[in-house]
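Following: one structure in structure tokens, then a few remarks.
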Amino acid sequence: MPTVLITGATAGIGEASVRAFADAGWHVVATGRRADRLEKLAGERVQTLTFDIRDEAARDAALDSLPAPFSEIDLLINNAGLALGLEPAQKASLDNWRTMIDTNVTALVSITHKLLPGLVARKGGIINLSSVAATYPYPGGNVYGATKAFVRQFTLNLRADLIGTGVRVTSIEPGMVETEFTLVRTGSQDASDKVYAGVNPMTAEDIAETMLWVATLPPHFAVNTLELMPVNQANGSFAVQREG
């Protein structure tokens, strides 16, 4: 059976993806920073690696420790990422901006570069978790939306470079998914609950099953980008400020 490496596996979409792929018979390498949460995922089909995705030395040491069959990765799911703050750009924290860029962009690019030779050799695949924020700007989205736009464009450029190799690359772009995402962003469970109240948002399992579907399509079939929203969410009209 093939092997998938999933970053950011300790919660939300990452955790749900570990379970979905393992249940489907895949070997899974689950990575994240929180060892206690990873321990709950470990099993016959799941090998866990604890490291911060931004720490390249720790990442490389962890990957080099993988036993067979986990060491031969057929699919990379770049799920690790975060949003911090909702302030307008002129009031935003530069540290938050740097953390989002380091995690959502730099770390994603680095691990992709690390694993690409093996993925090409095995005619594997890459699934990058972007967001509808890559396409639809909103107040407070500033650098978060920009990082996800990078992920989307990086995916498409990888597709252009990898043509003829058999490697498929897909950008998954969800809208509202009820996970710890908003709790991390706002630091408030009450604020998080209000965001999803009455929306009937998508679940982490919805996105995990979508990624499993993409990964198991016939090898001649590539999904470049896939935008997903709950029925009760849609892109809105332009903002207009009237003077006087």
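The values are calculated or read from the model by the stated rules, or taken from the named source; none is laboratory data. Here the structure is a predicted model, which is why all the values come from computation and not from measurement. Note: ideal-geometry Cβ built from the backbone for every residue, glycine included; neighbour counts use all protein chains shown. With ligands, DNA and RNA removed, areas are computed over all heavy atoms of the protein, side chains included. Shrake-Rupley method; radii C 1.70, N 1.55, O 1.52, S 1.80 Å.
For the structure I just gave you, tell me whether ARG152 is modelled with pLDDT of 95 or more, open to solvent by 50 Å² or more (accessible area, probe 1.4 Å), basic (Lys, Arg) and within 14 Å of the chain's Cα centre (by Cα). Answer is yes for this residue.
When the stretch 136-161 is filtered for residues that are of a type in the set (S, T, N, Q), under 23 Å from LEU217 (Cβ atoms) and in contact (Cβ under 8 Å) with a residue 40 or more places away in the chain, only THR155 remains. Considering the stretch 24-39, the residues that are open to solvent by 40 Å² or more (accessible area, probe 1.4 Å) and in contact with a helix residue (DSSP H, G or I) (Cβ under 9 Å, 6 or more places away or on another chain) include one that is nearest to GLY125 (Cα to Cα), namely ALA24. Pairing residues of the stretch 2-17 that are under 16 Å from THR182 (Cβ atoms) and open to solvent by 10 Å² or more (accessible area, probe 1.4 Å) with residues that are assigned to a strand (DSSP E or B) and among the hydroxyl-bearing types (Ser, Thr, Tyr), at Cβ distances under 8 Å and at least 6 apart in sequence or on separate chains, gives GLY8/THR31. Taking into account only those residues within the stretch 85-135 that are among the hydroxyl-bearing types (Ser, Thr, Tyr) and closer than 21 Å to LEU226 by Cβ, which is nearest to the chain's Cα centre (by Cα)? Result: SER130.
With the structure loaded, tell me whether THR147 is within 26 Å of GLU87 (Cα to Cα) and assigned to a loop (DSSP other than H, G, I, E, B) or whether it fails that test.
The answer is no for THR147.
Can you tell me which residue in the stretch 107-129 is farthest from ALA146 (Cα to Cα), limited to those that are open to solvent by 70 Å² or more (accessible area, probe 1.4 Å) and not aliphatic (A, V, I, L, M)? Step by step, filter the stretch 107-129, then rank; the result is ARG122.
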